[in-house]
Amino acid sequence: MNKREIYESFNGIQDQTQKMLDQIKELQSGMAEILEENAELVIENDHLREQLEKYERPSKKEAQKSTKHGLSKSRKNLEKLYGRGYHVCNEWFGKHRENDEPCAFCLDVIYGDR
């Protein structure tokens, strides 16, 4: 390599490095904008969750109310799962009941006094 080729090569590398630095600055700027927007969205999301909880949180009286069949909503959901052939008792929760056999533990969970 002669002196001119070395100089041109060095200039080329310098230009490429400058372009990379410009790209890095551009990426940094974009990343800063994204992080700002993300922080704002996290705050807004937390605020909206708080507002939603105020409207969705049932009063104590409503939570204790039973459905028209005398079961709470949670027990009604367990009854549906049991009706679809799944155990809802602590022992075998989520396992399929073979041949829809009755399970005294599940029935106690759904209809028992607690």
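The values are calculated or read from the model by the stated rules, or taken from the named source; none is laboratory data. Quick caveat: nothing in here was measured; it's all calculated off a predicted structure. All Cβ positions, even for glycine, are placed from backbone atoms using ideal geometry, and neighbour counts span all protein chains on display.
Numerical summary
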item: Cross-chain or 6+ apart pairs with Cβ under 6 Å, the stretch 79-107 first and free of Cβ contacts under 8 Å to residues at least 24 places away in the same chain, then β-branched (V, I, T); result: L81/V88; V88/V109; C89/V109
item: Qualifying residue in the stretch 3-14 (condition: surrounded by fewer than 10 Cβ atoms within 10 Å (Cβ to Cβ) and modelled with pLDDT under 80); result: no
item: Filter result for the condition that a residue is modelled with pLDDT of 85 or more, among the charged types (D, E, K, R) and within 30 Å of D113 (Cβ to Cβ), over E36, E101, E50, E62; result: E101
item: Hits in the stretch 69-92 (condition: over 9 Å from I110 (Cα atoms) and among the hydrophobic types (A, V, I, L, M, F, W, C)); result: L81, W92
